[in-house]
1. Can you tell me the length gained on complete extension of the stretch R184 to D60, counting 0.36 nm per residue apart and subtracting the Cα distance?
2. Decide, for segment 45-118, between rounded, prolate and oblate: order the square roots of the alpha carbon gyration tensor eigenvalues as a ≥ b ≥ c, take rounded if a/c falls under 1.5, and otherwise choose prolate if a/b is larger than b/c, else oblate.
3. Quick one: what do you get for segment 81-152 if you divide its Cα Rg by 2.2 N^0.38 Å?
4. Rounded, prolate or oblate: which fits segment 148-203 when a ≥ b ≥ c are the square roots of the eigenvalues of the alpha-carbon gyration tensor, with rounded for a/c under 1.5 and prolate only if a/b beats b/c?
5. Could you check how much of the accessible area of segment 48-100 is carbon and sulfur, as a whole percent, using a 1.4 Å probe?
6. Measuring with a 1.4 Å probe in the full set of protein chains, what accessible area per residue, in whole Å², belongs to segment 91-215?
7. Any chance you could look up the accessible area of D185 with a 1.4 Å probe, heavy atoms only, rounded to 10 Å²?
8. Provide the net charge surrounding A164, with neighbours chosen by a C-beta distance below 14 Å and charges set as Lys +1, Arg +1, Asp -1, Glu -1.
Amino acid sequence: MFSAITYELSSKFLEEHKCTRLLGSAMSKKPAAQPTLHKVIMVGSGGVGKSALTLQFMYDEFVEDYEPTKADSYRKKVVLDGEEVQIDILDTAGQEDYAAIRDNYFRSGEGFLCVFSITEPESFDATQEFREQILRVKNDENIPFLLVGNKSDLGDKRRVPLDACRERAQLWQVPYVETSAKTRDNVDKAFLSLIRAMSAQKRGAAPSPDAPPRRRCAAPCCALV
Ligand SMILES: Nc1nc2c(ncn2[C@@H]2O[C@H](COP(=O)(O)OP(=O)(O)OP(=O)(O)O)[C@@H](O)[C@H]2O)c(=O)[nH]1
Ligand SMILES: [Mg+2]
């Protein structure tokens, strides 16, 4: 067996003795690094399209039927900026009957897609409560978080003005993106922007250009629309 200690000692020895070819072969025995795991939670009122967005991102398909979710989890590997990462998505229930169990789900989340429907002002209002609950449970104002206005294909039924969405995102210092789970518009962008922010946070690096700077956010930088 090739233990980590053996590996370290032998690489050091070979390096000191300029045995580059042998060093290469010793290095190839290093166990492959596991891809970083990012835990994403879908939150938002019932019927806004959390499951439809998740299924579109996972399997490239749109589900017309509405079947309220209890809680479903998904796993997917993606290559983000040249690095393979693993994403766990927890698709939670928007229906009020399940509100009591949300705290437990939120606790395990490392990043949140907070979804409302641009056709339903009540679902936009509800994002306020979801945000508060997440901040309370996570106790971290800088938790990676994306505000998502879904059903952008239903522009003629729009009842939440774009300015109001941008204003809220600016107030919260989070990015805003409009998606359509039906046409797939901006679906990858929403998930990947969030994952990029989670990655940056884990590395302790500055957030990606997609994410607005914390605490000082000018209006245009908040919108990914
Ligand atoms: N036109 C249109 N319909 C959508 C879109 N996203 C979801 N829907 C429809 O809206 C309904 C509800 O979608 P779901 O994804 O099940 O909603 P949900 O947020 O998961 O709801 P809960 O599981 O109850 O929390 C379904 O009939 C979907 O087909 C969209 O982007 N455009
Ligand atoms: Mg659902």
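1. Values: separation 124, 0.36 × 124 = 44.64 nm, distance 0.79 nm.
Roughly 43.9 nm would be gained on extension.
2. Numbers: a/c = 2.20, a/b = 1.34, b/c = 1.64.
Here segment 45-118 falls in the oblate category.
3. Details: Rg = 13.3 Å, N = 72, 2.2 N^0.38 = 11.2 Å.
Here the answer is 1.19, to two decimals.
4. On the way: a/c = 5.06, a/b = 1.43, b/c = 3.54.
It is oblate, given that a/c is not under 1.5 and a/b is not larger than b/c.
5. Working: 1280 of 3000 Å².
About 43 percent, which is the carbon plus sulfur part of the accessible surface.
6. Numbers: 5770 Å² over 125 residues.
Result: 46 Å² of accessible area for each residue.
7. That residue has around 80 Å² of solvent-accessible surface.
8. Working: positive: R158, R159, R166, R168; negative: E120, E122, D125, D163, E167, E178.
Local net charge: -2.
The values are calculated or read from the model by the stated rules, or taken from the named source; none is laboratory data. Keep in mind that this is a model prediction, so the values were computed, not measured. Methodologically, a virtual Cβ is constructed for each residue, glycine included, from the backbone with ideal geometry; neighbour enumeration extends over all protein chains shown. Accessible surface is based on the protein model in full, side chains and every heavy atom, while ligands, DNA and RNA are left aside. Shrake-Rupley method; radii C 1.70, N 1.55, O 1.52, S 1.80 Å.
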